[in-house]
Amino acid sequence: MTSGPQWQYDESRHAGVDYSDDAVVLDYDNRHTRFRDYEKEATRIIDALGLTKDSIVVDMGCGSGGLSVHFAKHCGKVHAVDVSPKMVELCGRKAGEQNLKNIETVCAGFLTYEHKGEPPDAIVSTAVLHHLPDFWKQVALRRMYEMLKPGGKLFLFDIVFNFPVDEYQNSIDGWLESIEKMGGKAMKDESVIHVKEEFSTWGWIMERMIEIAGFRIDINNSIQPNMQVYICSKT
Ligand SMILES: C[S@@+](CC[C@H](N)C(=O)[O-])C[C@H]1O[C@@H](n2cnc3c(N)ncnc32)[C@H](O)[C@@H]1O
């Protein structure tokens, strides 16, 4: 999927959890469908961003489409984008089963997606940006800024660390314990891989990167330990 210079980051090579694997994708979809209420999550995002039946939305890193299908029921058009062909396929299947004609699935990512048509009113990205190292996160944020229409919104949810560095061992252990209580052992194992092999960063770095990309941060909320929501505007 990569083109361009030799040093271009290959976002199709999954760091950490391998979402190109069929079994991993089905397991992700099963577990997340069980413990998440996608409709409620989507409604909160739609309300927070003020989306309407005319809105154009990009769901960046849409995964198996749990949120995309709900956005499609309330918005004009949803571009569901993911680097994993298996995830994109499953999202497309869900859209087909629900007869949603306004979802377009695209196999691409933060660094490669080229938006066609009218610029989006909003980009939503939940639990995805940590797949890129910080250098590339900044590039991704700037690409999203450029993609949005003036006044457009970015809804970014991700795992971000805010504890003092000296407390990192206890903080991570405590966090993993709480994840196991909430989502079971499989979810804890996924989170161990997250800390070890993926690229979640510090809150202060994330905030600065969002601002340097050009956004104004309107809301910066910790919804659970280490889980941060940023609602940002293209000013
Ligand atoms: C933890 S899942 C989150 C999926 C979905 N947003 C959700 O809330 O359930 C992470 C997703 O990000 C995708 N992904 C990883 N790197 C990406 C990139 N550079 N650009 C777009 N999607 C990416 C993976 O394929 C996977 O589907």
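Bear in mind these aren't lab numbers, they're just calculated from the coordinates by the rules spelled out. These figures come from a predicted structure and were not determined experimentally. With ideal geometry, Cβ positions are generated from the backbone for all residues, glycine too; neighbour counts draw on all protein chains shown.
Structure data summary
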quantity: Chain lengthening between Glu180 and Asp166 when straightened (0.36 nm per residue, less Cα-Cα); calculated: 2.7 nm
quantity: Cβ-defined net charge surrounding Cys232, 12 Å radius [Lys, Arg +1; Asp, Glu -1]; calculated: 0
quantity: Given charges at Cβ of Lys, Arg, Asp, Glu: the stretch 9-67 dipole, positive-most of Ile46, Ser20, Asn30; calculated: Ile46
quantity: Helical contribution to [θ] at 222 nm, DSSP H n ≥ 4, -39,500 (n - 2.57), averaged over the chain, rounded to 500; calculated: -14000 deg cm²/dmol
quantity: Rounded to whole Å, sorted largest first: equivalent-ellipsoid semi-axes of the stretch 58-124, Cα gyration tensor; calculated: 16, 15, 9
quantity: Listed residue pairs exceeding 32 Å between alpha carbons, taken from Lys86/Lys153; Lys40/Lys116; Lys188/Lys234; Lys137/Lys181; Lys40/Lys188; Lys94/Lys181; calculated: Lys188/Lys234
quantity: Whether the stretch 1-131 is rounded, prolate or oblate, judged on the alpha carbon gyration tensor where a/c under 1.5 counts as rounded; calculated: oblate
quantity: Per-q log10 I(q)/I(0), the stretch 107-212, q = 0.10, 0.17 Å⁻¹ (Debye; single scatterer per alpha-carbon; no solvent); calculated: -0.35, -0.87
quantity: Nearest-20 debye value, the stretch 1-79 charge dipole, Cβ charges on Lys, Arg, Asp, Glu; calculated: 320 debye
quantity: Computed over the stretch 11-83, Kirkwood Rh from alpha-carbon pairs, angstrom; calculated: 13.2 Å
quantity: Most positive-pole-ward Cα, Pro150, Asn221, Gln8, against dipole of the chain from beta carbon charges; calculated: Pro150
quantity: Convex hull per residue volume in Å³, alpha carbons only, for the chain; calculated: 120 Å³
quantity: Check: the stretch 102-179 dipole with +1 on Lys, Arg Cβ and -1 on Asp, Glu Cβ, in debye; calculated: 440 debye
quantity: Only Lys, Arg (+1) and Asp, Glu (-1) charged, at Cβ; the stretch 1-148 dipole about Cα centre in debye; calculated: 240 debye
